[in-house]
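Asker: I have a structure here, written as C-alpha cells, and I will follow up with some questions on it.
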Amino acid sequence: MRSWCRAMVVMVAGVLAAPMAGAETLTDALIAAYRNSNLLDQNRAVLRAADEDVALAVSSLRPVVAFSGQAGWRRAEVDTLAGPSVSEGLSSSLSLSADLTLLDFGRNRLGIEIARESVLATRQALIDVEQQVLLGAVSAYVDVRLAQEVVALRQSNLRLITQELRAAEARFEVGETTRTDVAIAQARLAASRSALAAAEGDLLIARESYKAATGAYPGRLAPLPRSPALPRTLEEAQSVARATHPLILQGQRLVTIADLQLQLAEAATKPTVGVGATLGLDQDGNDSQSFGLTLNQTIYAGGRLSALLRQAIAGKDRSRAALQQTAVGILQNVGVAWANLAVSAASIQASDEQIRAAQTAFDGVREEAAAGARTTLDVLDAEQELLDARNARLQAEAQRYVGVYQVLSTMGLLTVDHLQLGIATYDPEAYFDAVKTAPSHSVQGKKLDRILEKIGN
C-alpha cells in the first residue's frame, strides 16, 4: 500500500511539473475536442445519411429504367386428334422498360420537402452536439486546473501541520505541553496525508476526463483566460435562446415536417398517373414495343388511408406541443444557469471575506500559542478553517467559470464560430450540395468521392 501511495505521489508530481515548450490553453483544448470528437463524427455521419434522403426523394421524379432477361427449357405433352405429341425446346426473351410518374398530386414534391426539412433539423441537432462537446472540454480543463490547485493547497497544508507537529514535540520535550497536544498534531497530520492522497486521486481522475474530452492527456495548462461576455440581464439571455438555441430551431423544423406529412397523407387519397414503355425481343428474333398510360386510384383500403390521415393530424399536434415544451425547458435551463452563476459569484465574495478573517485568526492564534496562551489544537483548528475557506474559494471560482459557458450553452451560442476559435469547421453544405440532385456516375459523383475522401482524412 505504501509503495502504491509513493508511486501515485511521484506520478502526480510529474504531472504538476511536466516540462513543455509552451502551456496548453483553453483554446487549444476546445480545438482538440472539436477535432477529435467521435460523437461529432457520429452525428456528422447521421447528417450525411439524412442528406441522402433528399437524393432518394429527388430520384422519385425521374423515370425508372430496367431490363430483364429470361431463358429456359420447356417440355410439354399435348393431346391432338392424331394422338399425343411432345414438344420441347429452349425459350428466351429480353425486355427493356421505362416508367415515369406524370401526376401524383404533389406526393413526390412533398417527399422532397420533408427530406429537406429533415436535413435542416438534423443540422441543428449537430450544433447541439457541438455545444455538448465544447462544454465538456471547458469543464475538463477547469477540473484539471482545480485539481492541481487543490493538490498544491493540500501539500502546503501537509507542510504546515508537519511544522506544527515538530513544534509540539519540541515543546513537549521541554515540558511546555502534554502528550495530548502531540497526539492531536499526529492525528491531524495523518488526516492531511489522507486528504492529499484523495486530492491526488481526483487529479488523476480529472486527467482521464480531459483525455476523454480532448483526445490526449493534459500537459502544463495555462491560466484560465477571461470568460466570454454575457448579456446584462436574464431576460436578454432568454431572448437570445428563443432565437438561436439549436433544439428550438430543430423543433420548428419538426413542426414544418409534421405539416408536410399531413399534406402528404391528404395527397395519398388521390390518384396517380404514369407512363410506361417496353421493348421486347424473343429467341426467334421477334421484337415488340408497347407504350401506354396508367391510372391508379385506391377505392377501398379497409380504412388505412383514413387512419394515416388521422395519425398525421395527431403528429402535427404532437410536434407543436413538443416545440412549446422544448422552449419552456430551454428557458428554464437559462434561468437555472444564470442563478447558478449568481450563486457562484456570491460564494466567491463570501469566501474572500472568510479567507481574510480566517487568515487573521490563524496568525493571531499562532502568536498566542507561541506565548503559551493557546494550545496546539487551537492552532490546528484555525489552520483548518483557513484551509476550508481557501478550498471553498477554489471550488466557487471553478463553478463560476464553467457557469459562464453553461449560460452560453443554454443560449445556443457555445459553438466554434461564436467563440472565434479560428479553425476550419465542418461544412454541412458541401456534402448536401454534392448529393441533393441524386448523382450517380457523373461529374457530381466524382466530386462526391473527393468530399468523402476529405471527410475521411
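Asker: Restricted to segment 285-335, and to residues that are of a type in the set (S, T, N, Q) and assigned to a helix (DSSP H, G or I), which residue is nearest to D104 (Cα to Cα)?
Answerer: Once the filter is applied, the top-ranked residue is S306.
Asker: Can I ask one more? Quick check on segment 126-151: of everything there that is of a type in the set (D, E, K, R) and in contact with a Leu (Cβ under 7 Å, 6 or more places away or on another chain), which residue is farthest from L394 (Cα to Cα)? Walk me through it before giving the result.
Answerer: The initial filter retains those residues of segment 126-151 that are of a type in the set (D, E, K, R), namely 128, 130, 143, 145, 149.
Filter once more, keeping what is in contact with a Leu (Cβ under 7 Å, 6 or more places away or on another chain): 128, 130, 145, 149.
Values: D128: 30, E130: 28, R145: 10, E149: 8 Å.
Residue satisfying both the conditions and the ranking: D128.
Asker: Next up: Looking at this structure, is S239 farther than 21 Å from R318 by Cα and at pLDDT 95 or above?
Answerer: Against the criterion (farther than 21 Å from R318 by Cα and at pLDDT 95 or above), S239 qualifies.
Asker: Okay, moving on. E235 passes all but one of (1) in contact (Cβ under 8 Å) with a residue 12 or more places away in the chain; (2) over 29 Å from R366 (Cβ atoms); (3) of a type in the set (D, E); which number fails?
Answerer: E235 satisfies every listed condition except (1).
Asker: Yes or no: segment 150-157 includes at least one residue that is surrounded by fewer than 18 Cβ atoms within 10 Å (Cβ to Cβ) and either of a type in the set (D, E, K, R) or more than 40 Å from the chain's Cα centre (by Cα) (or both). Explain how you work it out, then say what you get.
Answerer: Residues of segment 150-157 surrounded by fewer than 18 Cβ atoms within 10 Å (Cβ to Cβ): 152, 156.
Now restrict to residues that are either of a type in the set (D, E, K, R) or more than 40 Å from the chain's Cα centre (by Cα) (or both): none.
No - not one qualifying residue is present in segment 150-157.
Asker: Return the pair list, or none, for Cβ contacts closer than 7 Å from residues in segment 22-42 that are polar (S, T, N, Q) to residues that are surrounded by 13 or more Cβ atoms within 10 Å (Cβ to Cβ), at least 6 apart or on different chains.
Answerer: T25/A222; T27/L421; N36/T214; N36/G215; S37/V133
Asker: Next question, about the same structure. When only residues in segment 160-203 that are surrounded by 18 or more Cβ atoms within 10 Å (Cβ to Cβ) and of a type in the set (K, R) count, which is modelled with the lowest pLDDT?
Answerer: Taking the candidates together, the pick is R171.
Asker: I'm told L221 meets every condition in (1) surrounded by 17 or more Cβ atoms within 10 Å (Cβ to Cβ); (2) out of contact with any strand residue (DSSP E or B) (no Cβ under 7 Å at 6 or more places or on another chain); (3) closer than 30 Å to R35 by Cα; (4) of a type in the set (A, V, I, L, M) except one. Can you identify the failing condition by its number?
Answerer: Failing condition for L221: (2).
Asker: When you scan segment 232-280, how many residues do you find that are outside any helix (DSSP H, G or I) and over 24 Å from Q324 (Cα atoms)?
Answerer: Going through segment 232-280 one residue at a time, the tally reaches 14.
Asker: For segment 51-69, check the following and say yes or no: at least one residue is farther than 30 Å from P439 by Cβ and not small (G, A, S). Full working, then the answer.
Answerer: Narrowing segment 51-69 to residues farther than 30 Å from P439 by Cβ: none.
No, segment 51-69 contains no residue that is farther than 30 Å from P439 by Cβ and not small (G, A, S).
Asker: Is it the case, given these coordinates, that A229 is at pLDDT below 95 and either at negative phi or assigned to a helix (DSSP H, G or I) (or both)? Spell out how you get there, then give the answer.
Answerer: Values: at pLDDT below 95: yes; either at negative phi or assigned to a helix (DSSP H, G or I) (or both): yes.
Answer is yes for this residue.
Asker: Still on this model: Being surrounded by fewer than 16 Cβ atoms within 10 Å (Cβ to Cβ) and in a strand (DSSP E or B) is the filter here, so list the residues in segment 94-136 that pass it.
Answerer: The answer is L94, L96, A98, D99, L100, L102, L103.
Asker: Further, regarding this structure: Tally the residues that are out of contact with any helix residue (DSSP H, G or I) (no Cβ under 8 Å at 6 or more places or on another chain) and of a type in the set (S, T, N, Q), restricting the search to segment 214-265.
Answerer: Going through segment 214-265 one residue at a time, the tally reaches 2.
Asker: What's the number of the condition Q289 fails, among (1) out of contact with any strand residue (DSSP E or B) (no Cβ under 9 Å at 6 or more places or on another chain); (2) closer than 29 Å to V65 by Cα?
Answerer: (1)
Asker: What residue, among those in segment 279-328 that are under 30 Å from T233 (Cα atoms) and touching a residue at least 24 places away in the same chain (Cβ under 8 Å), is farthest from the chain's Cα centre (by Cα)? Reasoning before the result, please.
Answerer: Filtering segment 279-328 down to residues under 30 Å from T233 (Cα atoms) leaves 320-328.
From what's left, touching a residue at least 24 places away in the same chain (Cβ under 8 Å): 320, 322-323, 326-327.
On the way: R320: 25, A322: 21, L323: 20, T326: 17, A327: 19 Å.
Ranking the candidates gives R320 first.
Asker: Can I ask one more? All but one of (1) outside any helix (DSSP H, G or I); (2) surrounded by 20 or more Cβ atoms within 10 Å (Cβ to Cβ); (3) free of Cβ contacts under 8 Å to residues at least 12 places away in the same chain hold for R374; which doesn't?
Answerer: Looking at each condition in turn, R374 falls short on (2).
The values are calculated or read from the model by the stated rules, or taken from the named source; none is laboratory data. Not measured: the values here are computed from a predicted model. Glycine also receives a Cβ, built like all others from the backbone with ideal geometry; neighbour counts cover every protein chain displayed.
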